[in-house]
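Comments concern the structure below.
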Amino acid sequence: MSMNGIDISRWQAGINLAAVPCEFVVIKATEGTTYVNPYCDRHFSQGAELGKKLGVYHFAGGGDAVAEAEYFVRNIRGYIGRAILVLDFEVQNMENAAAWTKRWLDRVYELTRIKPLIYLSNYLVNELDFSSVASSGYPLWNAYYYAYGTPMGYNPNAPLPKRLGAWGRALMYQYTSEGRLEGYNGYLDLDVFYGDPGDWDRYARGAEESEKPTPPPDPPPSQTTISYRIRPGDTLSKIADRYGTTAAALAQLNGIANPNRIYAGQVIRIPVKSSDPPQPAYYVVRRGDTLSGIASRFGTTYQKLMKLNGIRNPNLIYAGQRLRIS
């Protein structure tokens, strides 16, 4: 039994999953400690509504492994238990790459009680000693393109390479980056999952529900924060001045390595005094959004959003509309 699917990132921003045949979708969520894919939530919500099996992945930046793991978990809280988790490791020429990946994988497991998959090129699988990773039960997603320059559709029987390093077998296989599927005018990564939907769910759920995950570090109890979605023209310094804090404090709180690298749509936390009146939060509607989907994303209900924004018909919202969330 196997399943056919795709993996996507911001490069497939406009993809309509309802039009593309796939049993599962793995979506890029984060990279390093500063980047969140702005299309991840939209793709995840659409995939969930369509009943697709889902996964989310972190693209390794090669910085502090534990910090990257915690950044990933902070940004995929709402997906935990609903999606397989993946580390995409493509850092070349890194000393102790296996030790780095194991620190990342172990930390995510500590926080979620879910064993992530590790995505590796077949070159790295065989070039480096990942025995400590394989023996710890982290499954392999192997990448090896057996045919270059040959656009193709799904091939669940794509030939796996004979050598799979310390694993000896793969749970998933990415066999082309030149996939062509109906409903999308461009190349796609095509993958096969060697299992059935029940197997996928077991990898997504991880440990027994009775084993409570340890949440990622939050701000100290004495520090109250609000969420803020960055707008075009914002700088960390301007936001800091607006809320009576410093750019350095915001960078540290949000794991931002370079204060000059923020982007519109990014959500950051801002410290406020507990005595300060709560600041309203806003969201700009994107194409494909629904009011119920936005409400779910922000932990509220569509009825509350209707009341806050004077909306009479929950089905009549439009791209570019600015909604008050709280």
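For the reader, a short list of remarks on this structure follows.
- Amide H contacts under 5 Å for Ile84, placed H, 5+ residues apart: Leu54, Gly55, Val56
- Extreme residue, positive dipole direction of the chain, given options Ile256, Ile6, Ala147 (C-beta unit charges): Ile256
- If the Kirkwood radius is taken over C-alpha pairs of segment 144-197, then at 10 °C and 1.306 mPa s the Stokes-Einstein diffusion coefficient equals 131 µm²/s.
- Averaged over its residues, the chain has an accessible area of 50 Å² per residue, based on protein heavy atoms and a 1.4 Å probe.
- Cross-link pairs beyond the 25 Å C-alpha cut-off, checked among Lys28/Lys52; Lys52/Lys307; Lys28/Lys115; Lys28/Lys53: Lys52/Lys307
- For Lys115, residues with placed amide H under 5 Å, excluding near neighbours: Ala207
- Antiparallel DSSP beta bridges within segment 1-118, as percent of all bridges there, nearest 5: 10
- Note on Lys162: aspartates and glutamates with a C-alpha under 15 Å away, same-chain residues under 8 apart excluded, are Glu127.
- The chain - share of DSSP beta bridges that are antiparallel (%, nearest 5): 40
- The computed P(r) over Cα pairs in 20 Å bins from 0, in percent for the structure shown corresponds, within (1) 17, 21, 16, 12, 10, 10, 8, 5, 1, 0; (2) 32, 62, 6; (3) 29, 57, 14, 0, to (3).
- Solvent-accessible area of Arg103, all protein chains in place: 120 Å² (probe radius 1.4 Å, heavy atoms, ligands and nucleic acids excluded).
- For the chain, size of Cβ-based charge dipole, Lys and Arg +1, Asp and Glu -1, in debye: 1280
The values are calculated or read from the model by the stated rules, or taken from the named source; none is laboratory data. Nothing here was measured: the structure is a model prediction, and the numbers come from that model. Using ideal geometry, Cβ is built from the backbone for each residue, glycine included, and neighbour counts are taken over all protein chains shown. The protein model used for the area step is the full one, side chains on, heavy atoms only, and it has no ligands, DNA or RNA in it. Shrake-Rupley method; radii C 1.70, N 1.55, O 1.52, S 1.80 Å.
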